[in-house]
Each structure stands twice: as C-alpha cells, then as structure tokens.
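The values are calculated or read from the model by the stated rules, or taken from the named source; none is laboratory data. Computed from a prediction, not measured in an experiment: that's the story for all the values here. Virtual Cβ from ideal backbone geometry, glycine too; neighbours counted across all protein chains shown.
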C-alpha cells in the first residue's frame, strides 16, 4: 500500500480517469513517514473550503487535524502520527457556503456496523490466500463451452441462527458451500456486499464501495469465505452497482456540498424511482473511482466476476422528461471492460440489462459494450407469463415459448430466475404455477427442466431448489422446515438429479452460444402445447432429445421426429414417482422407425407425461452403423436414475 500522499503522476492519472489503483493513493493507509508510524489520509473534494480528519482519537474535533490541499482540483491529504488499525474516523468537510458535513471515507476498507456510519482504519493485503491453483486454472477455462449454474443468494436471509442473528462470513463458509456443492451449482452469486446503511436495500444502495459490509464480519473473513469457495471449485460473482448510490448524509451524495460523484444537471442526477443519485460516469475522477473499485475486488478479494446491476438505468437517462441514450455511460462501460479484461481475461462481466441495446456482449473493438454475458430478461418475462397462464389458454400465447429462439444467439445469455421475480407480491416460482398442489409441483418441475435444457447459462435464486412456497422474505431466512414435507423433499431430489444431468451432458452447454447447438423438432404444436427440440454437442452423435408438455394430458404412442439412431433411452422424466409425479415414464428402450417425420429422417413413439419434460439419449448407433455397445450403457444409466 501507499506510504506517502498521492504522487504527481497519480494525481495526473486520477484527473484523467485512468488511475486504476486509486485506492492506493486515496483513503486511510497505515504507514511510516519520517520514521514515525501513523496513518496517511487522502481524499478528493473539489468544492470544499476546508477538511479535517475527525475521530475517536480527537473526540471528533475539527480543530486538530486540518488537511492540506495539494492541488486546485481538490485533492486533500494529511499524515497523523500514532493513528493505527481500528481507529474510527470521518472527514469534516466545510462547504463553500459554510456548512460542515461529516462524511465517511469513499475509499475506506472497513466500516462501522449500522446504524453507526464511521469509517475504520484497516490494512489490507495481510490475508494468506490458498487459492493459487484456482487462480491459475480459471484463466485456462473456456467459460462459454462449460456448464454454468449460478446460485443467487442474499447473504443476510439465506439462513439465520436460532436467535435471528446473521451467520458470519466464516460460518457461512461451513454452512453454504456444502449445500451449494450438494446441489451441483458451479457458481455463487451474492447480492451486493458493499457497506450500506439500510438492510432492505439488499446492498444495492451503497455507501462504502471499498468496504465489505461489517454485518457479517471483517474483510479478512470475507476473503476466507471466497478462499474456501475456490478450494471447493466454486466461482464467486458479486452484484456490483456502478450506476447509482444512496443519498444518506454520510455517503457520497453531495460529498463536499456540491455535485461531486453525481451529475451536475439535476434532471439526470436524481433517480426518483429508487430515491438514489446517479454516478456521473463521464467525470474522469468518477471513472478512476469506479474502475479502480472493480479491479480492487478482483485483486484483494479474488472475485471471479460481477453481475452489473441496472445497466438499463445507465444506458438511458431521463433528460428533461425524455429518455435518451447516455453516451457517457457507453464510453464508461467500454473503458471499464477494457481495464478489467486487461487485468484478467477470465473475469465474468454479466449485464443485468432489460433493454434491446445491441452488442452488449460484443467486444469493445467491435463496437460492443464489452460484457461477456447478459441476463436474458426477455426469456424470463415470456416463460413466466406463459407458466402463469391457465394451461388450457397457453395455446393462445404459444410464441412466448418459441420467441426466445429467434434471438437466443444475438448475445451470450444467462437465463435468470432471480430474486426480482419472487419478491414484492410477485409470489414464489412454485406459487406462480396455476392449479392445485400437485399441478403446481409438476409444472415447476417442468419449468426447471425447460430452463435447464434451453440454450444459455443458468441462474436460480435461493429457495427455488426445494420449491419455496412463500415469496422471498428478506428479513427472515428461507423456509427450511419445508424439507419436512415429502412434496418439497421430492422436488429437491428432482432438482439435484436435473442439475447432475445438466452438468454431465455436453449438449446442454458446449454449444450454448451458437446455432449449431439447438434444433427444433416441433415448435408448432399449439393445440397440445407440446414442444420438442434437439440439443447438440460438438461431436456429431452427441445429442439429446427434449420433449415438453405444458398441459396435464397424457399422450401414449405420441410420435416425435428424431435423428436416425436405432433406439433411444429416456434418461430423465419429471413425472417419475420418485419426484412426486404420476409415473407416466418410458421405462423401456424406444425403438426408432426409419421413416421421415417432423423434418427428421426417423421417428419414435413414446408416452408424453402430464405437465412433464422427457429427455432422451440415443441408445444405439445410427442406422447402418455398427453398434458400439452404447445401447446397454445408456439404458442402464437411465433405469438407474429412476430407481435411486
């Protein structure tokens, strides 16, 4: 870390918007100057008349430690002897109009537990990481051609202790990681962990961008949690909010009495929907602050990626009553991604973007924004509207299922069944399903099957894996007692089986982002609401057949066109009794009839389960080819899955 005030070169880069380690020049740093141990404080406040460092060490007095203004652009700095780790402090900023504002340090590495708001002097870089092998290996991964199943969670409401208190970062490592591994997820995505004053903002309205929330422990405790995730092969994604921030008095808002981190123009500064202020991402100093922040989390916390919140709010602003494209945000996002990928090309940068902005996941050198993934909000909205519709009326909105394949390869997509869809009166995924309990569970199993077999990476919010019935209650933990009920246990069993199949089946993820990975068999059966398609891997014979029935009718001897393998084995059926279904499965090998059907060279006849998904695998060599024994291996695998 830094040992002196910001250098002339650092100051130049900061005002240019290119100081990508600005946290080393600014904030509070324990150091030795002139043989004296103490802490150097540096802050940017261009409109301040004067600034003092105040804290418990001087009874919060403005008189003792007045900072020196280093340049006309408003960089202030001061070394205070004998101040060390654990000291509470703030900046007392006198504005041009004579007011005094008590502000937390924008670059603080640690903060007081709410409702207190002081910053805490805290060194970083002392944690001893054990994930060197992970950090090397992830740079060799071909993320686009690998399975990605993300478990999204809110740290403060996944599970609480019996007395209602939070688990710490270290305790969650012991509680959460085995659970996530048991359910076969590959990534954990945590809603924002930056310091924030209000629990119910879920971290999306932050004050301490460099300070992990003290609700769950110290910075080193979070490092331990991430280290343990990496030890067990789990990637960690953080929600990150570079678009807007809360307006609490001790935070960034009007930091020195005038617009500093926010836009000057009130029409684009204020965000009335959320009651927040928008970052002025066109201001060079703000660019240095935010880009450094992303790199800070990568360097010091070994984060594997970010889900960037509210990208639409950045791309479009309400300028004087009219929504317009914000070219400043476009330039910022491109600059951000160039810096991030220069630091580490393996980082996941995932856009939560509800617009139809083109080239979101295209490289910046091709004119794109530079993300490598985007949430597929269109798919999510369409499929949930379809599932919430009464089954007999689904034929009237048939295209809600088919439309997503028209644009599935326009971006690199993640399919999100996120927290946004199970809160604020929207009901849980299970309770969105129409009908009685049996129908609700059957349709949720079907939804998950379709979710896992549709092109795109996967994201599920906590609780969905066992069929949480109530919507997310952010001040309580998940309804863990539901595991006492058989229907929820069977749902959880189904989900784990489905996840295992997903991870072990290359056709479901190897060609996720190319047209070659998907082929409709029948997308036009509107009357019966049955859809069938093929998912393909790189090898010619590596494929799976998927049939989805979105009504409760059972069909026997239903004809489905297929490629010309001699037979097929059903490897998963959501209607299996072991999952709580009615048992309308295809236990025996399904022989192929080598006559054209559904634009395929052959067809099979099979039982179609009610509100069900059936996944089939070729069980024998193609017609005219010599069998290699695959038939018996596949058949054994399929039957084994049904009887466990």
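When you scan the stretch 390-404, how many residues do you find that are surrounded by 17 or more Cβ atoms within 10 Å (Cβ to Cβ) and either in contact with a helix residue (DSSP H, G or I) (Cβ under 7 Å, 6 or more places away or on another chain) or under 29 Å from residue 514 (Cα atoms) (or both)? Summing the residues that are surrounded by 17 or more Cβ atoms within 10 Å (Cβ to Cβ) and either in contact with a helix residue (DSSP H, G or I) (Cβ under 7 Å, 6 or more places away or on another chain) or under 29 Å from residue 514 (Cα atoms) (or both) in the stretch 390-404 gives 5. For the stretch 338-369, the tally of residues that are free of Cβ contacts under 8 Å to residues at least 60 places away in the same chain, within 15 Å of residue 298 (Cα to Cα) and crowded, with 19+ Cβ neighbours inside 10 Å stands at 3. Out of all the residues in the stretch 124-147, is one or more within 25 Å of residue 493 (Cβ to Cβ), modelled with pLDDT of 95 or more and touching a strand residue (DSSP E or B) at 6+ places or on another chain (Cβ under 6 Å)? Looking through the stretch 124-147, none of the residues is within 25 Å of residue 493 (Cβ to Cβ), modelled with pLDDT of 95 or more and touching a strand residue (DSSP E or B) at 6+ places or on another chain (Cβ under 6 Å). Pairs meeting the criteria (first residue in the stretch 128-140 and touching a residue at least 24 places away in the same chain (Cβ under 8 Å), second residue not in a helix (DSSP H, G or I), beta carbons under 6 Å, at least 6 apart or on different chains) are 138/346; 139/346. Quick check on residue 200: is it outside any loop (DSSP other than H, G, I, E, B) and without any contact (Cβ under 8 Å) to a residue 12 or more places away in the chain? Here the answer is no, as residue 200 does not meet what is asked.
Residues are listed down the side, and each one gets a yes or a no for (1) assigned to a strand (DSSP E or B); (2) buried (at least 20 other Cβ atoms within 10 Å of the Cβ):
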{"residue": "516", "(1), (2)": "no, no"}
{"residue": "521", "(1), (2)": "yes, yes"}
{"residue": "527", "(1), (2)": "no, no"}
{"residue": "538", "(1), (2)": "no, no"}
{"residue": "547", "(1), (2)": "yes, yes"}
{"residue": "557", "(1), (2)": "yes, no"}
{"residue": "570", "(1), (2)": "yes, yes"}
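The selection criterion, being modelled with pLDDT of 95 or more, under 21 Å from residue 443 (Cβ atoms) and in the same structural domain as residue 376 (by TED's automatic domain parsing), holds for residue 485.
In the stretch 578-595, the residues that are within 17 Å of residue 449 (Cα to Cα) form Cβ pairs under 8 Å with partners that are part of a loop (DSSP other than H, G, I, E, B) and at pLDDT below 95, at six or more places apart or across chains, as follows: 578/644.
Would you tally the residues in the stretch 482-503 being free of Cβ contacts under 8 Å to residues at least 12 places away in the same chain and closer than 18 Å to residue 544 by Cβ? Spell out how you get there, then give the answer.
Filtering the stretch 482-503 for residues free of Cβ contacts under 8 Å to residues at least 12 places away in the same chain gives 484-485.
Filter again for closer than 18 Å to residue 544 by Cβ, leaving none.
Total satisfying the criteria: 0.
Could you tell me whether any residue of the stretch 458-471 is surrounded by 24 or more Cβ atoms within 10 Å (Cβ to Cβ), on the phi > 0 side of the Ramachandran plot, modelled with pLDDT of 95 or more and more than 20 Å from the chain's Cα centre (by Cα)? Scanning the stretch 458-471 turns up at least one residue that is surrounded by 24 or more Cβ atoms within 10 Å (Cβ to Cβ), on the phi > 0 side of the Ramachandran plot, modelled with pLDDT of 95 or more and more than 20 Å from the chain's Cα centre (by Cα).
Pull up the stretch 1-53, narrow it to residues that are in contact with a helix residue (DSSP H, G or I) (Cβ under 7 Å, 6 or more places away or on another chain) and assigned to a strand (DSSP E or B), then point me to the one that is farthest from residue 124 (Cα to Cα). Here the answer is 44. Is there a residue in the stretch 426-449 that is farther than 21 Å from residue 305 by Cβ, in a helix (DSSP H, G or I) and in contact with a strand residue (DSSP E or B) (Cβ under 6 Å, 6 or more places away or on another chain)? Yes, there is a match, as at least one residue in the stretch 426-449 is farther than 21 Å from residue 305 by Cβ, in a helix (DSSP H, G or I) and in contact with a strand residue (DSSP E or B) (Cβ under 6 Å, 6 or more places away or on another chain).
In this structure, residue 325 qualifies as modelled with pLDDT under 95, surrounded by fewer than 23 Cβ atoms within 10 Å (Cβ to Cβ) and more than 20 Å from residue 189 (Cα to Cα).
Has the stretch 308-316 got any residue that is without any contact (Cβ under 8 Å) to a residue 60 or more places away in the chain and closer than 24 Å to residue 236 by Cα? Yes; the residues of the stretch 308-316 include at least one that is without any contact (Cβ under 8 Å) to a residue 60 or more places away in the chain and closer than 24 Å to residue 236 by Cα.
In this structure, residue 483 does satisfy being surrounded by fewer than 19 Cβ atoms within 10 Å (Cβ to Cβ) and either in a loop (DSSP other than H, G, I, E, B) or more than 23 Å from the chain's Cα centre (by Cα) (or both). Restricting the stretch 370-389 to residues that are without any contact (Cβ under 8 Å) to a residue 40 or more places away in the chain and touching a helix residue (DSSP H, G or I) at 6+ places or on another chain (Cβ under 7 Å), which is surrounded by the most Cβ atoms within 10 Å (Cβ to Cβ)? The selected residue is 370.
Test residue 295 against the criterion of being crowded, with 22+ Cβ neighbours inside 10 Å, within 25 Å of residue 150 (Cα to Cα), in contact with a helix residue (DSSP H, G or I) (Cβ under 9 Å, 6 or more places away or on another chain) and touching a residue at least 12 places away in the same chain (Cβ under 8 Å), and give yes or no.
Numbers: crowded, with 22+ Cβ neighbours inside 10 Å: no; within 25 Å of residue 150 (Cα to Cα): yes; in contact with a helix residue (DSSP H, G or I) (Cβ under 9 Å, 6 or more places away or on another chain): yes; touching a residue at least 12 places away in the same chain (Cβ under 8 Å): yes.
In short, no.
On the given criteria, is residue 342 touching a strand residue (DSSP E or B) at 6+ places or on another chain (Cβ under 6 Å) and within 30 Å of residue 228 (Cα to Cα)? So residue 342 fails the test.
Has the stretch 116-124 got at least one residue that is assigned by TED's automatic domain parsing to the domain that holds residue 68, farther than 29 Å from residue 33 by Cα, under 34 Å from the mean Cα position of the chain (by Cα) and surrounded by fewer than 23 Cβ atoms within 10 Å (Cβ to Cβ)? For the stretch 116-124, residues assigned by TED's automatic domain parsing to the domain that holds residue 68, farther than 29 Å from residue 33 by Cα, under 34 Å from the mean Cα position of the chain (by Cα) and surrounded by fewer than 23 Cβ atoms within 10 Å (Cβ to Cβ): present.
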